[in-house]
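The values are calculated or read from the model by the stated rules, or taken from the named source; none is laboratory data. As the structure is a computational prediction, the values presented were derived from the model and not from experiment. Areas reflect the complete protein model, heavy atoms only, side chains present, ligands, DNA and RNA absent. Shrake-Rupley method; radii C 1.70, N 1.55, O 1.52, S 1.80 Å.
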Amino acid sequence: MYQFNFGPVLDNIDMLLHGAWLTVRLSFLAMVIGLVVSLLGAVAKTSGVRPLSWLVDAYVEVIRNTPFLIQIFFIFFGLPAVGIAMAPNTAALVALVINVGAYGTEIIRAGIESIPKGQIEAGRALGLSPYNIFRHVVAVPALRNIYPALTSQFIYLMLTSSVVSVISANDLASAGADLNARSFASFEIYVVLTAMYFVLALGFSALFATIRRMFFTYPASR
C-alpha cells in the first residue's frame, strides 16, 4: 500500500509559494505587453490598409494554429542558430507575449467592430477628433464588451505558462519539478501543484468578477 508523505512538500512550501509568485508575475508581464501587441494588431487589422491587415492575419493564423510548446522551443532552441539567444525566463516571456498577442488581437478586433458605425459617425458630427472618438466612443464600450474574454485569456495564459518549465524558466511548475527531483514524492507534489493552480485560477476569477461588477455593469446605452 502506498504511504502518503506530504512532509517534503510542507518542508519546502516556501519554494512552491515563490514559484507561484513567479508564475503570477510572468503571466502579468506577458498579459500587459501582450495587450499592447494586441491593440496594435487590432488597429492595424481594422485600419483598412491591406498590407498591414494581411501581415497581422498571417501572424494570428500562424500562432493560433501551432502548439505553444513548439513556439517556445523555436524561440529558445531555434533562434540561437541565427544568433538570437535568450535566457530561459526571457524566452518564456517572449513566447507568452507572442502567443497572447495573437489571441488578444482577435478579441480586441471583435470589440472594436462591435461598436455601431452610427456612434462613430455621431462623434464625427459632434466635431470630435479621431483620438477622442477612439477613446470615448470606441474604446470604453469595446472594453466593456471584451472584458470577460480578456480576463479569461489571462487565466488561460497563467495556466499555459506552466509549459515554460520545459526550458528551465522559473515558475510554479519548475519549482515542483525541482522538488520532485529531490524528494521523489511525485503524487503529493503534483496534487499540491494542481491545488495551487486551481486556487490561483479561482482567485483571479473572483477578482475579475468583482472588478466587472464595480466598473462594467452600467447599462449598455449609457
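What the table below lists for this structure:
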{"item": "Under Karplus coefficients 6.51, -1.76 and 1.60, residue-wise ³J(HN,Hα) of region 125-141 in Hz, glycine/proline x", "result": "5, 7, x, 6, 6, x, 5, 5, 5, 5, 5, 9, 8, 9, 5, 5, x"}
{"item": "For region 36-106, the spread of Cα positions along each principal axis, largest first, Å", "result": "37, 21, 20"}
{"item": "Surface per residue (accessible, 1.4 Å probe) for region 112-218, Å²", "result": "56 Å²"}
{"item": "Rg(Cα)/(2.2 N^0.38 Å) for the chain, N = residue count", "result": "1.23"}
{"item": "Region 27-102, accessible surface, carbon-and-sulfur percent (1.4 angstrom probe)", "result": "77 percent"}
{"item": "Equivalent ellipsoid, region 90-222 (semi-axes from 5 times Cα gyration tensor eigenvalues, Å)", "result": "42, 17, 9"}
{"item": "Amide H within-cut-off set for N170, under 5 Å, with H built and near neighbours excluded", "result": "N89"}
{"item": "Computed lengthening from F77 to A58, 0.36 nm per intervening residue step minus Cα-Cα distance", "result": "4.6 nm"}
{"item": "Fully extended contour minus Cα-Cα distance, from M214 to V36, at 0.36 nm per residue", "result": "61.7 nm"}
